[in-house]
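The values are calculated or read from the model by the stated rules, or taken from the named source; none is laboratory data. Computed from a predicted structure; not experimentally measured. Cβ coordinates were reconstructed from backbone atoms using ideal geometry, including for glycine residues, and neighbour counts include every protein chain displayed.
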């Protein structure tokens with residue numbers, strides 16, 4: 001059953017939640033962007049993040065990226081260019097008449113945030129870019145491998161470990177596999193090293209100690225003029241978000257650097 005609200009993002013319906021803490025209508029805003037094959041519910045709400053941020057006195061804005069959750073699911077790969085998905089964040093802020101917000105993104109959401117900080121610097125303050133590392137800015141065949149796994153007629157035929165992992169995860173969340181494959185094939189590096197060197201926002205890069213997808217978060221953080229990194233002990237790509245250490249470092253960073 002659909003929840004929250006929707007708006008039109010250049011022809012694609014985007015579903016979102018906009019929640020104020022009680023008795024705090026002027027609370028600082030933070031926008032949450034989930035990972036690939038996930039949703040605002042799976043990545044954030046169901047793991048307690050909405051409640052945690054509300055208790056910290058923040059207005060929580062969480063949306064389903066195009067191709068995911070309750071949002072529209074185009075099958076055209078051109079609909080999923082990184083700059084297009086970053087623009088969706090700004091379109092939502094425009095729709096809600098929010099001039100500037102903090103940012104929390106995981107995995108794909110971290111990639112989108114990297115692009116958004118570079119292309120739309122005036123709309124953001126501090127940013128947590130988690131589930132990403134130095135590999136985020138490097139060319140990769142991961143998108144094609146994931147798409148091949150998503151589109152295989154029989155999941156049992158998927159032998160590539162990366163494709164198998166994401167096929168299993170995507171099916172757990174009852175996704176449109178063709179839409180996700182289009183999104184995966186359009187997987188391009190966001191703003192490169194030269195571009196992120198121009199980003200003046202405070203940026204926190206977080207990744208799990210055993211995350212075999214991201215690359216080194218410390219190397220990526222070093223590319224930002226005001227970047228720092230945290231490695232979450234004993235966590236991997238799928239277990240970082242619910243980890244208490246992740247929660248603690250995000251809240252501490254937002255308290256120190258947030259709007």
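Conditions (1) part of a helix (DSSP H, G or I); (2) modelled with pLDDT of 95 or more, marked per residue:
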site	(1), (2)
15	no, yes
21	no, no
24	no, no
30	no, yes
35	no, yes
38	no, yes
46	yes, yes
54	yes, yes
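Counting only helices (runs of 4 or more DSSP H) that sit completely within region 108-181, those holding 1 or more residues that are in contact with a helix residue (DSSP H, G or I) (Cβ under 7 Å, 6 or more places away or on another chain), more than 17 Å from residue 199 (Cα to Cα) and not assigned by TED's automatic domain parsing to the domain that holds residue 78 correspond to 142-151, 161-172. Here residue 200 fulfils each of the conditions (1) out of contact with any strand residue (DSSP E or B) (no Cβ under 9 Å at 6 or more places or on another chain); (2) modelled with pLDDT under 95; (3) assigned to a loop (DSSP other than H, G, I, E, B) apart from (2). The set of residues from region 72-83 being touching a strand residue (DSSP E or B) at 6+ places or on another chain (Cβ under 9 Å) and either under 21 Å from residue 130 (Cβ atoms) or assigned to a helix (DSSP H, G or I) (or both) comprises just one member, 79. Among the residues of region 215-231, are any surrounded by 18 or more Cβ atoms within 10 Å (Cβ to Cβ), at pLDDT below 95 and closer than 22 Å to residue 30 by Cα? Looking through region 215-231, none of the residues is surrounded by 18 or more Cβ atoms within 10 Å (Cβ to Cβ), at pLDDT below 95 and closer than 22 Å to residue 30 by Cα.
If you go through region 93-107 and keep only what is out of contact with any helix residue (DSSP H, G or I) (no Cβ under 7 Å at 6 or more places or on another chain), outside any loop (DSSP other than H, G, I, E, B) and either touching a residue at least 12 places away in the same chain (Cβ under 8 Å) or crowded, with 24+ Cβ neighbours inside 10 Å (or both), you end up with just 95. Scanning region 38-53 for residues that are surrounded by fewer than 23 Cβ atoms within 10 Å (Cβ to Cβ) and in contact with a strand residue (DSSP E or B) (Cβ under 6 Å, 6 or more places away or on another chain) yields a single hit, 50. Taken together, 84, 90, 60 contain a single residue that is within 15 Å of residue 6 (Cα to Cα) and at pLDDT 95 or above, which is 90. Scanning region 197-213 for residues that are closer than 13 Å to residue 129 by Cβ and either out of contact with any helix residue (DSSP H, G or I) (no Cβ under 9 Å at 6 or more places or on another chain) or surrounded by 23 or more Cβ atoms within 10 Å (Cβ to Cβ) (or both) yields a total of 5.
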